[in-house]
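Undergrad: Mind having a look at this structure? Questions to follow.
Laboratory data are not the source of any read-out in this text; all were calculated from the coordinates shown. Computed from a predicted structure; not experimentally measured.
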Amino acid sequence: MTVERTLSILKPDATRRNLTGKINAKFEEAGLRIVAQKRLHLSEAQAGAFYAVHKERPFYKDLVAFMTSGPVVVQVLEGENAVAKNREIMGATNPANAAPGTIRKEFAESIEANSVHGSDSAENAATEVAFFFSGIEIVG
Ligand code: IDP
Ligand code: MG
């Protein structure tokens, strides 16, 4: 087992419905620690750059519009196997396929407005954490 860090985003559908505390409780109950956190309203350029990996996908333009439609909370989660554990707590991308008890099953509005982002590999986690946070903002 290794202690890892992963990048998490509470998306605009979650901040709009005042769900940040309920979602953070899911992370903490599962043993992940929130070691950095801030609330931002992303610009189109910032959201576009963050999701650049998806720029050829048909949903890219809508995704960028959604991610800039309201505030987000970006955070670094730390714990044993944090990348995979967070993906488990989040549930499947499409809430219709998400397991009971997962964030997306309980809170997501749609496949797009699915409440949370989580890094999908340790390598991407390092890049995504560095996209939003400097070293001194992460307090383990
Ligand atoms: P993930 O967030 O579970 O890792 P990705 O495939 O990386 O899923 O997609 C990134 C985000 O793009 C999703 O969380 C969701 O907000 C949005 N998205 C993914 N697939 C679709 C789709 O088919 N239609 C609309 N939005 C989508
Ligand atoms: Mg993804």
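Undergrad: As a check on your grasp of the helix formula, calculate [θ] at 222 nm for the chain: sum -39500 (n - 2.57) over DSSP H runs of n ≥ 4, divide by the residue count, round to the nearest 500.
TA: So the helix-based figure for the chain works out to -10500 deg cm²/dmol.
Undergrad: Mind jotting down the distance between the C-alpha centroids of segment 81-99 and segment 1-61, whole Å?
TA: Taking the Cα centre of each part, segment 1-61 and segment 81-99 sit 13 Å apart.
Undergrad: If you don't mind, there's one more thing I want to ask. Between ARG104, ARG39, ARG87, which gets the highest mean-square fluctuation from a Gaussian network model of the chain, Cα cutoff 10 Å?
TA: In this elastic network of the chain, the residue with the biggest mean-square fluctuation among ARG104, ARG39, ARG87 is ARG39.
Undergrad: Kirkwood hydrodynamic radius, the chain, all distinct C-alpha pairs: what's the number in Å?
TA: After inverting the mean inverse Cα-Cα distance, the result is 15.0 Å.
Undergrad: Next question, about the same structure. In terms of modelled amide H atoms, which long-range or inter-chain residues lie less than 5 Å from the amide H of VAL116?
TA: LYS11
Undergrad: Could you check which residue among GLY31, GLY48, GLY21 shows the biggest mean-square fluctuation in a GNM of the chain with a 10 Å Cα cutoff?
TA: Of GLY31, GLY48, GLY21, the most mobile in the Gaussian network model is GLY21.
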